[in-house]
Structures are given as C-alpha cells and as structure tokens.
Amino acid sequence: MAETPLQKRAHALNHLGAPELLLATPTGEFSAHALTSAEDRLLAGLRAREEGALAALFERYGAHVQRVLVRTLGVDAELADLVQEVFVQVLQSVHQVEEAERLKAWITSVAVFTARGWIRARQRRRWLSFFDPPSHAEPAAPHADDATREAARSTYRVLERLSVDLRLPFALRYIDGMELTEVAAACEVSLATIKRRLAKAEALFVRLAQREPALRPWLEGGRRWSAT
C-alpha cells in the first residue's frame, strides 16, 4: 500500500537528525483519528515515544507551523525543510512542556525561534548573492489580481528591512492575526515588550511602505494606517 503524504513526512523526519526517536506511522493508540481527548493525551504519547504520536502531532499542528513560517518569512524554497526542522526541535525538547494546554503556544514559539534563526542566517549570507524579493513573497489567493500580488511582494520587501525583533511580532500580529498575548508568548517576551516592539515596527513599516507604489493605496485606504 502506498504511503500517505503524512506518513512520508513522518518518515522523512527520521533522516533529519532524530533517528533515535520512534517516528511511527499513524497506527495504534495515537493515530490522528483516536486523538479525541485533551492535549495531555498527545503530550503523554510524545513523551513516551508512543507509536503514531509524531504523525498525530504533525497532522494536528503541521498546517499551523507552516502558516506561522509563511507569515513571518514569505514563501521560500526552504519552507518544507524549515517545517521539518521545527518538528525535530519539538520532538527533542517536548519534555520542556509542563502543561498540555500550553503545547500549541510552545510549538508556535519553536516555529518563531526557527524563523528567527533563518532570517539571521540569510542576512549573514546576503553578501554572497543577490536577493530576489519575489521568491519570498506572501502567496496570493488564486483569484488575486496583479495589484494584490504586487502588494504582497512589496510587503515582504519592506519586512526584509526590519530587524528580526520587529519583523517577527509585526508579521505575527498583522499578517497572521495573532492576539497580543499570543505574539508575546511566541516571541517569549513580556506583553509590555511586545507592545513597544509593535509600535516601533508599525511606525517603521509605514514609513518604508510609503516608498512602495503598490502599498500606497493600501495605506491611504486602510483603517489602521495612513500615509500622511
């Protein structure tokens, strides 16, 4: 029987630095279909390396992790590898999670930490090659018009000019739509700190966005920001 995409991803994780972990296919007690109780059941299965726990974790949070990475980084050729890297880190450090209800927030923080490292690594590599903004643009919906697509590309060009400590909370708050408390938790800073960073990020984003023709209509017509 052919493997499902989920099974293939679970097996692929075995080759990314965690071969000692039991990365089973979704069979047995911890299959995704059996996960109908609270998060503590999934967390217990991960801690015990129960068969099927990894696949259930990926099915439950894979899309969330990918969304966080796309919102903070834009589309990138390394996205699939980054998603796998997040789950390798989750599996290796899951013992740090003391309360099951914090599992999703903790996974989000791991994804943000991974994105932070990727941004900084790319900044260090930038002198080696030319940066191609369209390759990192936020994906527009299939029915999006050219203006919307260009606005998305322009948004990520602007974000590239923000420091990582400003870019990440801005993207999580205003692109992914997280609540302030969720952004603070994901960035592992206080609520007061995240508010200060967001205020600074907003001011800088608006100033830089005014130089992007594709973003001017959004600034002028938006309810939150003004180009004036």
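Laboratory data are not the source of any read-out in this text; all were calculated from the coordinates shown. These numbers were taken from a predicted model, which means no experiment stands behind them. With ideal geometry, Cβ positions are generated from the backbone for all residues, glycine too; neighbour counts draw on all protein chains shown.
Here the Karplus relation 6.51 cos²θ - 1.76 cosθ + 1.60, evaluated at θ = phi - 60°, turns the backbone of the stretch 58-66 into coupling constants of 5, 5, 6, 10, x, 5, 5, 4, 4 Hz, with x for every Gly and Pro. Looking at the square roots a ≥ b ≥ c of the eigenvalues of the Cα gyration tensor of the stretch 77-117, which shape do they give, rounded for a/c under 1.5, prolate if a/b is larger than b/c, or oblate? Cα axes put the stretch 77-117 in the prolate bin. Shown for Asp40, Asp176: other C-beta atoms within 10 Å of each C-beta, ranked fewest to most, produce the order Asp40, Asp176.
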